[in-house]
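Report on one structure; see the data block that follows.
Each reported figure results from applying straightforward, stated rules to the coordinates on display, with no laboratory input. A quick note: this is a predicted structure, and the numbers were derived from the prediction, not measured. Note that each Cβ is placed from the backbone with ideal geometry, even for glycine, and that neighbours are counted across all protein chains shown.
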Amino acid sequence: MASGFSYTGGRSRCFAYWQEFSKCYAQSDTPTECRLQADDYLECLHHTKEIARAKAIKLEFIKKAQHQAKEGRKVADVLADGVIVGVGLIEREKSGDAGHAK
């Protein structure tokens, strides 16, 4: 942990994870017992799992767009859904349903 202070002078965003890791490390007999806390702290610092998940979602979106383009879907339709939300996790409202409450 660098200084323990954020840019604004308060606690850093990962300070709570650092405290959990430090507490575990001080109380444990072997450092391997604190692997989960260390992983949480490192994820908070570097966002490696979050970045990997975002890349996987983006790759799946690209695959889906290429598949739809091969099926003959118009390029404009593919581009209209050209946001990551278009992966199918969140359904877009149809133009006729825009005024109706669900």
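Couple of notes before you dig in:
- For Arg11, the residues 5 or more places off, or on other chains, whose built amide H falls under 5 Å of its own are Ser6.
- Positive minus negative residues near Gln27 (Lys, Arg vs Asp, Glu; Cβ under 12 Å): -2
- In terms of surrounding Cβ atoms within a 10 Å radius of their Cβ, Cys34, Cys24 rank from fewest to most as Cys24, Cys34.
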